[in-house]
Amino acid sequence: MKYCKECGSKLGEGSKICNNCGAILLVTESTSNLEQKFVSETVSKEPMSRKKKVSLIIAGIAIILLFSLYKVGATLTSKDRLIDKFQTAINNKDAKAVAKLISSYDKKLEINEKSVKGFIEIFNKDPEKLSVVVKSLKEQSQILEKSSLSKKGTIQDFLGIASDVIDNGIVTLTQDGNFLFYKKYTLKINPVYVTLSTNYKDTDLYIDGTKVGKSNNQDFEQTYGPFVPGFHKLEAKYKNSLVSLDKKNTVLFGRLGTKQSEDLTLDGRNVSFNLSDYGSLDKVELFINGKDTGVNLVKEDAFGPVLTDGSMTYSVQAALPFGEVKTKEEPIDNNEISINLLSNDVTKTLMDTCVKNEEEWIVAFTNGDYSKMTTGSPTYIQSQKAYYDQEKSNNHAFQGKYLGSLFDTSQFHLFQEDGVWKAEVLVREKYYISYYSIGNTPNLQDKNDDWVYTLVYDSDKGKWIVDNYNKDDSFDEANTTEIKEENPKLYTSDWASSGKSN
């Protein structure tokens, strides 16, 4: 039996048109075929249940969501996106973002907002450097992409081809495992170890304001790290009761885990104090900036550290045969200093002795009585007596006044010779005098003569006496002390008034 394919009504044999719905029947089919088709179409047209519809909708949404999540994940783990984020963070000087984007091959390297500031400074100082690094990272990205597509090759194969790209960069793009279905990529930096050296024991060493060590000897050297590549501030500090030394420097730490060396030698110096002029001494105490160092220069002739730019001073103290001597403070302006054990008191004593010697000399030279000269050694007095006798025998007379003496204190020198303490004194003696032949009228004129007097310390008499004198032309008026005669007296050779020399 045939049925209408449109409404399912029974059709008569040979019918071309359905009497029920009027559908035109173009193809005649067997009853069995029509029944099978009817059943099939009837089933296909049965209404879909709500549960089935919901299930299909959920399945479709899940497929779309999973596809979207895959795409999002692919984007989030994209090598190019990582490089772009790095470039943006550097341009924005965003230390926090940079710290999150980079890692190190050395697990001991601490990467945080503070430690990457010097790294960012590399690109602040040289903006072109960022372009070079980004270009290198993109080239590395292409290498990694090719290695993942290659069936035979590995990343090591491609690194061999483009080693200059990797080796010349301070940042390396690296595949670092997987995240879900994706390859995970990171930006790696190489740790830096730095060797610091300094020249004094107990010097504190700092990197970026953090104390990293303390020297335990002179010529100290120690390696510290790891540090993030970039600009770092180095500082060495030394301080004791006498001096405070400091050195600061900002340097660029390198790459690829290399150990670079940085010199933090302080400007202080060890100064040698020379006592060679003073023969055998028991003790000479050293004072720096007025403070006792506790150093006996007889046993230890060097001291440091000190500054040698003249900003610090030294003085010494010693017990000498002529009394306790403490020198005036002098600037430290050299690495080697010759000690002059002349104190202000000794200097004054030497000048007073020279002045008194002139006062006694002019009296003796005009009356011939040298027995009253108390400031001269026997040798000196004998030479002066001989000079007096010579002038008298030559009919030469003297008339004049001693006006005073001007001392170049910068050239006073104290020393010990053959166990005898001596001092050299440079003096310009001022006279108003005339040397003339007997029978002539004296013509008084101002006369200044420069002499180096040698004085010796007479331990028996307990005083300094004049032993010798010589002409000198090195007088410097920059550092002088003058002693004037308050009431200069006019003296004339006693034999000149008689007109006789004998």
**Study point:** Filtered residues of segment 212-229 (kept if touching a helix residue (DSSP H, G or I) at 6+ places or on another chain (Cβ under 7 Å) and either aliphatic (A, V, I, L, M) or farther than 23 Å from residue 119 by Cα (or both))
**Key:** 228
Check your understanding: Would you call residue 296 surrounded by fewer than 18 Cβ atoms within 10 Å (Cβ to Cβ) and modelled with pLDDT of 95 or more?
Key -> yes
Review point. Quick one: residue 420 ticks every box in (1) surrounded by fewer than 18 Cβ atoms within 10 Å (Cβ to Cβ); (2) touching a Cys at 6+ places or on another chain (Cβ under 6 Å) bar one, so which box is it?
Key: (2)
Review point. Would you say residue 457 is farther than 30 Å from residue 340 by Cβ, assigned to a strand (DSSP E or B) and out of contact with any helix residue (DSSP H, G or I) (no Cβ under 9 Å at 6 or more places or on another chain)?
Key: no
Point to revise | Residue under evaluation residue 398, criteria (1) under 59 Å from the mean Cα position of the chain (by Cα); (2) of a type in the set (A, V, I, L, M, F, W, C); (3) under 20 Å from residue 432 (Cα atoms), criterion not met | key: (1)
Practice item. Please name all residue pairs, on different chains or six or more residues apart, with Cβ atoms under 8 Å, provided the first residue is in segment 265-286 and is touching a residue at least 60 places away in the same chain (Cβ under 8 Å) and within 28 Å of residue 239 (Cα to Cα) and the second residue is part of a strand (DSSP E or B) and among the acidic types (Asp, Glu). Key: 266/246; 271/336; 272/336; 274/336
Point to revise | Selected residue (criterion: farthest from the chain's Cα centre (by Cα)) from residues of segment 244-274 that are aliphatic (A, V, I, L, M) and surrounded by fewer than 18 Cβ atoms within 10 Å (Cβ to Cβ) | key: 256
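Hey, can you tell me all the residues within segment 206-248 that are closer than 17 Å to residue 305 by Cα and part of a strand (DSSP E or B)? Quick ask: steps written out before the conclusion?
Of segment 206-248, the ones closer than 17 Å to residue 305 by Cα are 214-220, 236-247.
Across segment 206-248, the qualifying residues are 214, 220, 236, 237, 238, 239, 244, 245, 246, 247.
Determine which member of the set 326, 356 is in a strand (DSSP E or B) and either at positive phi or outside the structural domain of residue 227 (by TED's automatic domain parsing) (or both). Quick ask: steps written out before the conclusion?
Working: 356 fails: in a strand (DSSP E or B).
326 is the lone residue from the list that is in a strand (DSSP E or B) and either at positive phi or outside the structural domain of residue 227 (by TED's automatic domain parsing) (or both).
Condition check ((1) in contact with a strand residue (DSSP E or B) (Cβ under 9 Å, 6 or more places away or on another chain); (2) at pLDDT 75 or above) across all residues:
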position	(1), (2)
9	yes, no
39	no, no
74	yes, no
101	yes, yes
Point to revise | Those residues of segment 441-496 which are buried (at least 17 other Cβ atoms within 10 Å of the Cβ), of a type in the set (Asp, Glu) and in contact with an Asp or Glu (Cβ under 9 Å, 6 or more places away or on another chain), in sequence order | key: 472
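Count, please, the residues in segment 374-409 that happen to be in a strand (DSSP E or B), of a type in the set (Asp, Glu) and either at pLDDT below 95 or within 17 Å of residue 496 (Cβ to Cβ) (or both). Walk me through how you get there before you give the answer.
Kept after step one, since they are in a strand (DSSP E or B), are these residues of segment 374-409: 376, 396-408.
Still in the list and also of a type in the set (Asp, Glu): 408.
Restricting the remaining residues to those that are either at pLDDT below 95 or within 17 Å of residue 496 (Cβ to Cβ) (or both) gives none.
Result for segment 374-409: 0.
Hey, among 402, 380, which residue is in contact (Cβ under 8 Å) with a residue 24 or more places away in the chain, surrounded by 18 or more Cβ atoms within 10 Å (Cβ to Cβ) and either touching a Lys or Arg at 6+ places or on another chain (Cβ under 9 Å) or not assigned by TED's automatic domain parsing to the domain that holds residue 464 (or both)? Before you say what the answer is, go through the steps one by one.
On the way: 380 fails: either touching a Lys or Arg at 6+ places or on another chain (Cβ under 9 Å) or not assigned by TED's automatic domain parsing to the domain that holds residue 464 (or both).
Only one candidate qualifies: 402.
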Revision key, fill the gap. Restricted to segment 405-420 and to residues being aliphatic (A, V, I, L, M) and out of contact with any Lys or Arg (no Cβ under 6 Å at 6 or more places or on another chain), the residue nearest to residue 488 (Cα to Cα) is 414
**Study point:** Residue count, segment 88-112 (criterion: surrounded by 16 or more Cβ atoms within 10 Å (Cβ to Cβ) and closer than 21 Å to residue 138 by Cα)
**Key:** 9
Point to revise | All positions within segment 77-111 that are part of a loop (DSSP other than H, G, I, E, B) and either within 15 Å of residue 225 (Cα to Cα) or of a type in the set (Ser, Thr, Tyr) (or both) | key: 77, 78, 105, 106, 107, 108, 109, 110, 111
Review point. Residues of segment 418-442 being assigned to a strand (DSSP E or B), under 22 Å from residue 462 (Cβ atoms) and either of a type in the set (A, V, I, L, M, F, W, C) or without any contact (Cβ under 8 Å) to a residue 24 or more places away in the chain (or both), which ones?
Key: 420, 421, 423, 425
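The values are calculated or read from the model by the stated rules, or taken from the named source; none is laboratory data. Note that the structure is predicted; figures quoted are calculated from it, not measured. A quick note on method: Cβ atoms are made from the backbone with ideal geometry, for glycine too, and the neighbour counts reach across all protein chains shown.
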